[in-house]
């Protein structure tokens, strides 16, 4: 909920609407508007339509068991295997169709992986994981970049019933160690390295350090190689727990591993996300409900057909990649593009060059990327010939001006755009238009997806009148199949983080349980939702959700620092960047520049370079309430040059005024 005295505001001016082209509507997977009424009137049974997109070993007994809220069970009694649904069931019809088209840092390095190839690789990898001791229900921690090894490893884990926990490759050794410990993983999967801007990065070094930092004793580390041989800059010592993936795969080249039939409620994977307490949360996603939801939203929201070439230009290390690069598109039998390197390597037209080369039909990216493309200029787009019929944005709210640029210069004013609101915790899209059914509105996420019931509550926990144009706390009032089961190993935290603020946690009635999204939103009079951004102390840096507590903990590792607070500052390209406000210890002899360098180094080491502070401000004191709580929202106001909010609750109201003068002077 928002800080006391700082109500949410809605400042965006009204935007025009854009109709989806008639040609698009005629071919769309959903063109019947009755789907909304059908899901509203037949909740939750209507979600059977989603489950029926999959192949089940055993049919479910009940669509939703809500007898023990908030620990809901979806499609209970049903059994299935995610790997089978993504690969095996497509072999009769499309074994020679590309499942993935992968392109490396060098545009000449390309690989087409057919569904038959994927089947062979996943079976070999599954047998190899068993060879190193992975059993059903063991959590395998992966730390892999955008290489084919990543989806192969995920699907191999799913095949043998071992939940995977993929850690974004950009995260630091400490972040990896924390996640290994929390998941209690005996086996880790990583690689020797990968390329960024054409330069080889030694990725094994992070795992080496993580193994030293972790409290858990890891039994084995499976090491994929970027090239045919171990890179010359990477070494394996005799005492290392590493085993080369190539050696394991050579022994299992023709292995066939029967997919393990998993209960619908068995966990498929963990995905760690930032928490306000500083300790990342392991969001645990079930097999049946999650697979049903991402398959259906891939079909109905992304409008994917098996014949399409689809490109979600995200990283599989985040939930977008899990849901809308791996599980959803593969379950539908489509062809997906994967790209290893950055959008501007070796030139700022690389994305569009790839789109032209593979004749991409559907393009899925983030507002951060759109703003970056805008900054670079349309001239880097205009020289390439591609034709998207459908485009998506994900990860944060998109500003109308960025939407309009995306529509004009990337979509050529004839592609449909859907903005999507969802979270790591939700598994898939919750607020977004079905592309053929509703008009596009720049800056708006649109209507709720079928069967989803969002609402706005005020800071007192009371429901607000719908569709009034006022801002409030975004909540979801009914469960949905893609939702997280719990926080791994910590049911209490699951309730504390997501339910207790707006729920009667003593009640057994599911009507009394309301999911807190942690975002603010406006419900406009046309029924569309416009999401304003996060309300808790989590910022969105270039699409990466980071807890301020995690950043502050890293800053506090510097001995010169007495106190620190992190605030999010709006940034044209990255969405938000962290500003660090620091009080140094008395008697520190180091210069501010030296301390600043140590702080930046600490953040890069503890979290990753992508979290690097944009500005470090040295102050005499931090704004605090009388109870000693740091008022970060005031620091955000200062960082963004906004008017200060209510300062009457502060111990010393002059502190934020002094900081503002220091930062902005006479501006």
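Bear in mind that the values in this text are calculations on the coordinates, not laboratory data. If you're wondering where the values come from, they're calculated on a predicted model, not measured in any experiment. For neighbour counting, all protein chains shown are included, and Cβ atoms are generated from backbone atoms with ideal geometry for every residue, glycine included.
The relative contact order of the chain, computed from alpha carbon pairs under 8 Å that lie at least 6 residues apart in sequence, is 14 percent. Highest mean packing comes first when the peptides 495-504, 585-594 are listed by Cβ atoms within 10 Å, giving 495-504, 585-594. The range 323-388 and the range 103-129 have Cα centres separated by 20 Å. When only Cα pairs below 8 angstrom with a gap of at least 6 residues are kept, the range 252-376 shows a relative contact order of 21 percent. Both radii were evaluated on the Cα set of the chain; the Rg over Rh quotient, with Rh as the Kirkwood radius, amounts to 0.95.
For the range 26-102 versus the range 485-531, the spacing of their alpha-carbon centroids is 24 Å. DSSP beta bridges in the range 543-664, what fraction antiparallel, as a percent rounded to 5? So the antiparallel bridges in the range 543-664 amount to around 75 percent.
Which percentage, to the nearest 5, of the DSSP beta bridges contained in the chain is antiparallel? Of those bridges, close to 60 percent are antiparallel. Ranking of 60, 376 by neighbouring Cβ atoms within 10 Å, starting from the fewest: 376, 60. For the range 543-664, averaging the sequence separation of C-alpha pairs within contact (under 8 Å, six or more residues apart) and dividing by the residue count gives a relative contact order of 23 percent.
Among 310, 457, the ranking by other beta carbons within 10 Å of each residue's beta carbon, starting with the fewest, stands as 457, 310. Ordering 639, 107 from the fewest to the most neighbouring beta carbons within 10 Å gives 107, 639.
Summarising the strand pairing of the range 144-270, around 30 percent of its internal DSSP beta bridges are antiparallel.
From its DSSP helices (H runs of at least four residues, each -39,500 (n - 2.57)), the chain gives a residue-normalised ellipticity at 222 nm of -7500 deg cm²/dmol.
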